[in-house]
Amino acid sequence: MTGGGIFETSEDAVLGGRLRLRQPLRGHRVGHDAILLAAATGGRAGEHAVDLGAGIGAAGLALAARVPGLKITLVEIDQTLCDLAAGNARLNGLADRVDVLVADAAGTGLSPGRADRVLMNPPFHDATKQNLSPDPHRRLAYAAAPGLLQRWVAAAALLLKPQGVLTLIWRADALADVQSALAVEFGGIAVLSVLPRAGANAIRVLVRAVKSGRGAPMTYPALVLNDEQGRPTAAAEAVLRGGDTLGISET
């Protein structure tokens, strides 16, 4: 444990120990969402991916660890989290392929039309309907201001090359909002739902979309996280600990 006050940190293993991450003890902590997002994002050596709202870098670094030769830019508005993300890149031997940028995800300042892929896990709780955490870091990570999703999607469209791929994770009950935000600039939309257990309502959706893409929407088989006894399913373990990719990542 290091640091003081709200900046005390722990060092934790994810992906079955393949990745080690320093993160704040208070505020937003890395969970399944970041690892699922990375598993849903494809990539090839020589490509450039941008992780918007990267936090401590969990999703982007998990992607970099999975795809040798892929370059990643981690974009995060919080300087403290950027410092942790840069340290995490060094900790995992990925600093030669990972850049960290302190910027608002909706206006990064990066050159337009240069990214092959954008991945993002935007804040998705409605700030007008949820009881928000008093912790400012946690509130920033979870609470979505009106229009935030549309702004982040527009930023992704600006960054991506034609036929570049956007992958995001969002609340399952607001999939229609995602589809609406994507409609202007994106096509070829694919969706994979995440269920807490078989027969339950989905809690998350992973969505892939292609800039200026075409084609009928696709739905992938859902990922079920836990069995009837509350134990992780083999499919979930393969992704969350084994480092497997999800089918939706294939483009």
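Observations
- Between the entries (1) 50, 43, 35; (2) 51, 49, 41; (3) 46, 45, 34, the label attached to Cα extents along the principal axes in Å calculated for this structure is (2).
- 222 nm mean residue ellipticity, helices alone, for the chain (DSSP H n ≥ 4; -39,500 (n - 2.57); rounded to 500): -7500 deg cm²/dmol
- Computed from the C-beta positions of ASP244 and ASP12 and an R0 of 25 Å, the FRET efficiency is 0.80 to the nearest 0.05.
- Once the chain from ALA198 to ALA176 is taken as fully extended at 0.36 nm per residue, the excess over their C-alpha distance is 5.7 nm.
- Length released on extending from SER111 to GLU237, taking residue separation times 0.36 nm less the Cα-Cα span: 41.6 nm
- Test item: Cα-centred dipole of the chain, Lys/Arg +1 and Asp/Glu -1 on Cβ, debye: 280 debye
- Residues considered: ASP33, ASP83, ASP227. Largest GNM mean-square fluctuation over the chain, using C-alpha springs under 10 Å, is found at ASP227.
- Panel order for SER111, SER249, by other beta carbons found within 10 Å of each beta carbon, from fewest to most: SER111, SER249.
- Under-5 Å amide H pairs with SER10, H placed in peptide plane, nonlocal only: GLN23, LEU25
Coordinate-derived values only; no laboratory data. None of these values were measured; they are calculated from a predicted model. Counting neighbours? That spans all protein chains shown, and the Cβs are built from the backbone with ideal geometry, glycine included.
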